[in-house]
1. Report, in listed order, any pair from K110/K197; K402/K445; K272/K402 with a Cα-Cα distance greater than 23 Å.
2. May I ask you to sort H43, H132 by Cβ crowding, counting other Cβ atoms within 10 Å and putting the fewest first?
3. May I ask you to evaluate 6.51 cos²θ - 1.76 cosθ + 1.60, the Karplus curve with θ = phi - 60°, for each residue of the stretch 410-420 and list the ³J(HN,Hα) values in order in whole Hz, giving x for glycine and proline?
4. Two decimals is fine: what is log10 I(q)/I(0) at q = 0.14, 0.21 Å⁻¹ for the stretch 226-322, from a Debye sum with one equal scatterer on every Cα and no solvent?
5. Can you run phi through the Karplus equation (6.51, -1.76, 1.60; θ = phi - 60°) for the stretch 133-140 and list ³J(HN,Hα) in whole Hz, with x for Gly and Pro?
6. Roughly speaking, what % of Cα-Cα pairs in the stretch 5-175 are separated by over 21 Å, rounded to a whole number?
7. Which whole-number percent is the relative contact order of the stretch 5-175 (Cα, under 8 Å, 6+ apart)?
8. Can you give the % of DSSP beta bridges in the chain that are antiparallel, to the nearest 5?
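Only the coordinates and a few stated rules stand behind these numbers; no lab work does. As the structure is a prediction and not an experimental result, all values here were calculated from the model. So basically every Cβ, Gly included, is an ideal-geometry build from the backbone, and we count neighbours across all protein chains shown.
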Amino acid sequence: MTENLLDLKIIGPIIRSSWTWRLVRLAMLVLLVMMIVYGWGQHALPGVAVKDPLMYTSLTTFSLWVVWMMAMVLIALIAGRSWCTICPVGWFNGIVSRYGLRQDLPSWAKNFVPVTLTLVLLQLLVYFFAIHRFPDYSSILLLSMLALAGMSGLIFRRRAFCLLFCPAGAVFALYARVAPWQLRVKSSHVCAGCESKPCIATQPFSRKAILGNLHLNWQAKPEGCPVELVPAEIHDSSACTLCLNCAQTCCNDNIKIGFRAWFTDLVHGVLKPGESLFFLVVLGLLTANFSKVHVDLREAIFWIPERLTLAVGWEAAGFYPIAVAWIGFLFPMLILVPGFLVYLLGRIRIVDLDNQAGSESLNQVVEPPVFGKLGFWGLVSRMIQTMLPVILMAHLALAVVKLNAKLAYLPLVIQDPSGVKSFLAITVAQTIPAPGVILSLDVIKWMIVGFLLAGVVSSCWVAWRLSHQVLAKTKQTFFVAVLVNILLLSGLYGATVYEWLFVR
């Protein structure tokens, strides 16, 4: 870490103040409620042939699916999980949890499986109902999020919603391993000698407000860490939601927040099995979404689910569950197969059986496991861990293209949050022109190429570091294997970018 923002004269007190973040989170909650209200009941316009006329002019769909969904990638790249600092849904969940049953979250629910299934369910909703195109569906989604946050808060301690139902938080957890941003303690010895430990305290305590002869007593209920972390034991930024509770309550001024080297957690940490499963789903969904503008590649990716749908005789709607299962689980595993084959080939030992002494010594040697000391899932985790920079850059490319194409709608959305007048003025009355792109195609296409090249180079560097740190005996085999996977994945993205931005 190069600098501690908490030590800065002006910024430090602002960050430490709990009221700073309460006001910001309250403002975000007000915006969320406005999005629900303005989108409620807004689906289509009578007499207008366009099925989704308000997709980009409504405050609800524009804010959720353009601004937030795309800008979150930019935030994650620079500041990791900093969105979680101001997230109104997680904040609401945390407030409710202080007055609920305060049950412990079951251990089986902390393994990324519930949030992975939530991501799959959202993808099915996009396929079946196109919820990203209609304000009313998006409003129902946002209201459901608040309801789930409230219900989970009434049952479980702390921020159970974030662990169970928030795919965005899980994506931030992955990308936080790349981002140059972290919260740590200055000295673990100071934490070890601290007896009160207010940073993780959750027991209620009494407070009194005094004004002359007026006294007001109440019981304060500290939240502690909303995801049950001990600051001195934080070794990577994937789990810390940057709620800043510990920075506000630490009695020894032992918390520091600031920048560090890129990829620090990625080359020194390891993905848990649940994280690996979630990342595989993200890999599949993102690759399929990225390739949709390349007709031949898209047809090749969806060839198996299309054939399977026809084989079982399902209607067109039956294609979607099969497609999600394919691109979410099986297709990303298929991407890893070439690398696995290279790794297995590299593990083959050739022995001269005509050499009797060699044969006798061979019988006395215990053969190492096929997948080494890491085991199958450990090897899977390391392999996909090296692909994270490529995925992040591909995600960033999609975000930049989307923001470049649609961000110009922002002034219209501010003037007319419902989006009805703006759409009619653009398409029916034609009194205002349709907003255009911000950057030209010639500029944006080379930006995308730069992003992808940066992702490929970064992934290769991460693979090299990991191969030397955790796989010393098979480092060359591992590096070549993951290099095959990285090049295959970047080839898919590169072909799409060439077809999408250079040929058309």
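1. Details: K110/K197 25 Å; K402/K445 13 Å; K272/K402 32 Å.
Those over the limit are K110/K197; K272/K402.
2. Details: H43 14, H132 18.
Listing H43, H132 from fewest to most nearby Cβ atoms yields H43, H132.
3. 4, x, 5, 5, 5, 6, 9, x, 5, x, 5
4. Reported log10 I(q)/I(0), two decimals: -0.76, -1.14.
5. Values per residue, Gly and Pro as x: 9, 10, x, 5, 5, 5, 5, 4 Hz.
6. On the way: 7960 of 14535 pairs.
So the pairs more than 21 Å apart make up 55 percent of the total in the stretch 5-175.
7. Details: 208 pairs, mean separation 53.4, N = 171.
In percent, rounded to a whole number, it is 31.
8. Working: 12 of 13 bridges.
Beta bridges within the chain, antiparallel portion: roughly 90 percent.
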